[in-house]
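**Student:** I am attaching a structure below and will ask some questions about it afterwards.
The values are calculated or read from the model by the stated rules, or taken from the named source; none is laboratory data. These numbers come from a predicted model, not from an experiment. In this analysis, Cβ positions are derived from the backbone assuming ideal geometry, glycine residues included, and neighbour counts consider all displayed protein chains.
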Amino acid sequence: MSIVIENVEKTFIDSKKNEVTALKSINFTIHEEEFVVLVGPSGCGKSTLLNIVGGLLSPTSGSVYFDGIKENPTLGIVFQEIALFPWRTVFENVVYGLQERGASKKQQQEIGNHYIDMVGLTDFKDAYPKQLSGGMKQRAGIARALAVEPDLLLMDEPFSALDAQTRTLMQEELLTIWNRTRLSTLYVTHNIEEAVYLADRVIVLSRHPGQIKQIINIDLPKTGRNDEKYREQSSKYADEIWQLIRHDAEAALKE
Amino acid sequence: MEKQKQVITNRVAFLDKKVPFYTSFLGIAGILILWEIVSRIGIVSPLFLPAPSNIVITGWEMLVSGEIYGNLTASLYRIVLGYAIGAAFGILIGLILGFFRVADAIGTPIVYSIYPIPKIALLPLFILWLGIGELSKVTIIALGVFFPVVINTFSGVKSVDPMLVKAAVTFGSNRINVIRKVILPGALPMIFAGLKLAAGTSLLLLVSAEMIAAQEGIGSMVLHYGNLMITSKLMVGVLILSLLGLIFNRALRWLENKLIPWKE
């Protein structure tokens, strides 16, 4: 099974009635058990692209499809805004997708508890979102997306609202979880170090219009990239990506 | 050289100054005592302002004689029925206006053009249409409750975070479940704000309607004793009304805490 993004384009009409091309001829494929990271400066349309793949926005032309799958594919999205239902406890949030698919109470209990345990929220399963810290909320958001056992996991800058220390810990946890589930994943971030740390492949987008500038394979083992011996290689990748983005990021700053 | 030491003290300590809990009762108790004294020593005639103790005693007598019971049940029947009907329709119509674009376009201008009419001005019209009986009074209360509830429900629906709708759809919800599981609970805090607002309105309309056109009820009782210049009995009526308002408010707040335990 793979997910194909084929010739996707997106144009908007802005407030001055001008046509703006947000995305132009986007082509790539996410393979089974692959972790793909979209990285680019602000305004490059990376979130737009993720929304199109997630079925929350229509492309102007082109299409996104799952190849080699019989039934309707299941998606799990982890939102930047987290978007937990405030009136549901952690457990009720995590099993939301299972409920909507008509899973039995017993299944909900089993699967829900499994993923709540995986993200380390067992002690908080009956808490409401308002009682959780930012990091804990996003863990619940991740558990909710994992609980539907999706064919494709989408993550839209999930850690951008967290402080730097929490973010580092969450990145490590995410990798641990990913190694257990090995879900095909599309992850959007503007953080280059995060991209190099997590990705099998990094897709670098440019802006005006949002286009694929380069695709970089990260040839590092999936675990232990923080080790001393990989540090030099990691920073080489990061620098390579930064050189690709730098000009666009500077331009974005001037707008 | 002599050592100099300047200690920094918290200069905004007054911001977190605590007052003991009984302070809030002091003001009320003070006024009651002052009132009692003023009446007892005869500065103001009891005809204009009877002493609090006198009001309580009169109230007890009226309770024992059954006078309060008859009037109170008549009033409660009107307000409970009118409020329930108005609130139910308000929530229902508010949800429809908020969720369906066509209903919004057609219905919202109608709601906003009727909303500013002082509802009590319509009572003569309702008496003409529905007769002088209970129906006209219940209708006017229902109408007064309907508007704050419908407008609050409508804006409650509009204020639901679209991200939550996106999340629900992503995890497999259809339109009906989006309304049931996202829009309705998301609008609930605003709906309750409307219900609380309507509680005051309903009490006001109850009393006004009873003063204009009723034989029984706390409102007509107050007017009746005013005309007879029996001020202590009049004040008992006022006391009952304020207790009614207080209980109404507390009950709604209790219900809100039950239904919305997740609120910030």
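**Student:** For region A:119-146, give me each residue that is within 18 Å of the chain's Cα centre (by Cα) and farther than 21 Å from B:SER173 by Cβ.
**Tutor:** Those that are within 18 Å of the chain's Cα centre (by Cα) and farther than 21 Å from B:SER173 by Cβ: A:VAL119, A:GLY134, A:GLY135, A:MET136, A:GLN138, A:ARG139.
**Student:** Condition first: surrounded by 20 or more Cβ atoms within 10 Å (Cβ to Cβ) and either of a type in the set (Lys, Arg) or more than 14 Å from every other protein chain (Cβ to nearest Cβ) (or both). Now tell me which residues in region B:149-165 satisfy that.
**Tutor:** Residues satisfying the conditions are B:VAL149, B:VAL150, B:ILE151, B:ASN152, B:THR153, B:PHE154, B:VAL157.
**Student:** If A:SER58 passes every condition in (1) in contact (Cβ under 8 Å) with a residue 12 or more places away in the chain; (2) under 19 Å from the mean Cα position of the chain (by Cα) but one, which one does it miss?
**Tutor:** With (1) in contact (Cβ under 8 Å) with a residue 12 or more places away in the chain; (2) under 19 Å from the mean Cα position of the chain (by Cα) applied to A:SER58, the lone miss is (1).
**Student:** Would you be able to say whether some residue in region B:199-206 is touching a residue at least 24 places away in the same chain (Cβ under 8 Å) and within 14 Å of another protein chain (Cβ to nearest Cβ)?
**Tutor:** no
**Student:** Then there's this: Do you know which residues across region A:41-77 are in a loop (DSSP other than H, G, I, E, B) and at positive phi?
**Tutor:** A:GLY43, A:GLY45, A:GLY55, A:GLY68, listed by residue number.
**Student:** Is there any pair with a first residue in region B:243-264 that is within 14 Å of chain A (Cβ to nearest Cβ) and a second that is surrounded by 10 or more Cβ atoms within 10 Å (Cβ to Cβ) and of a type in the set (Lys, Arg) whose Cβ atoms are under 7 Å apart and which are 6 or more apart or on different chains, and what are they?
**Tutor:** That search, which allows pairs on different chains as well, returns B:TRP262/A:LYS130; B:GLU264/A:LYS130.
**Student:** For region B:213-244, name all the residues that are under 18 Å from the mean Cα position of the chain (by Cα) and either more than 19 Å from B:ILE55 (Cα to Cα) or among the hydrophobic types (A, V, I, L, M, F, W, C) (or both).
**Tutor:** Those that are under 18 Å from the mean Cα position of the chain (by Cα) and either more than 19 Å from B:ILE55 (Cα to Cα) or among the hydrophobic types (A, V, I, L, M, F, W, C) (or both): B:ILE218, B:VAL238, B:LEU239, B:ILE240, B:LEU241, B:LEU243, B:LEU244.
**Student:** Quick check on region A:143-166. Is at least one of its residues buried (at least 18 other Cβ atoms within 10 Å of the Cβ) and hydroxyl-bearing (Ser, Thr, Tyr)?
**Tutor:** Scanning region A:143-166 turns up no residue that is buried (at least 18 other Cβ atoms within 10 Å of the Cβ) and hydroxyl-bearing (Ser, Thr, Tyr).
**Student:** Scan B:ILE127, B:ILE120, B:ILE191, B:ILE141 and give me the residue that is within 14 Å of chain A (Cβ to nearest Cβ) and assigned to a helix (DSSP H, G or I). Write out each step before concluding.
**Tutor:** On the way: B:ILE127 fails: within 14 Å of chain A (Cβ to nearest Cβ); B:ILE120 fails: within 14 Å of chain A (Cβ to nearest Cβ); B:ILE141 fails: within 14 Å of chain A (Cβ to nearest Cβ).
So the residue among B:ILE127, B:ILE120, B:ILE191, B:ILE141 that is within 14 Å of chain A (Cβ to nearest Cβ) and assigned to a helix (DSSP H, G or I) is B:ILE191.
**Student:** Then there's this: Keeping to region A:59-90, report how many residues are within 14 Å of chain B (Cβ to nearest Cβ) and either hydroxyl-bearing (Ser, Thr, Tyr) or within 30 Å of A:ALA127 (Cα to Cα) (or both).
**Tutor:** 17
**Student:** Between B:ILE79, B:ILE96, which is among the hydrophobic types (A, V, I, L, M, F, W, C), free of Cβ contacts under 8 Å to residues at least 40 places away in the same chain, assigned to a helix (DSSP H, G or I) and surrounded by 14 or more Cβ atoms within 10 Å (Cβ to Cβ)?
**Tutor:** Unique residue meeting the criteria: B:ILE96.
**Student:** Checking A:THR122 against (1) of a type in the set (Val, Ile, Thr); (2) under 11 Å from A:VAL90 (Cβ atoms); (3) in contact (Cβ under 8 Å) with a residue 24 or more places away in the chain, only one condition comes out false. Which one?
**Tutor:** (3)
**Student:** Return the total of residues in region A:185-226 being small (Gly, Ala, Ser), crowded, with 20+ Cβ neighbours inside 10 Å and not in a strand (DSSP E or B).
**Tutor:** Summing the residues that are small (Gly, Ala, Ser), crowded, with 20+ Cβ neighbours inside 10 Å and not in a strand (DSSP E or B) in region A:185-226 gives 2.
**Student:** Suppose we filter A:ILE52, A:ILE116 for residues that are surrounded by 20 or more Cβ atoms within 10 Å (Cβ to Cβ), more than 14 Å from chain B (Cβ to nearest Cβ) and modelled with pLDDT of 90 or more; which single one remains?
**Tutor:** A:ILE116
**Student:** With respect to the numbered conditions (1) surrounded by 13 or more Cβ atoms within 10 Å (Cβ to Cβ); (2) over 21 Å from B:GLY194 (Cα atoms); (3) touching a residue at least 40 places away in the same chain (Cβ under 8 Å), which one is the sole condition not fulfilled by B:ILE230?
**Tutor:** Every condition holds for B:ILE230 apart from (3).
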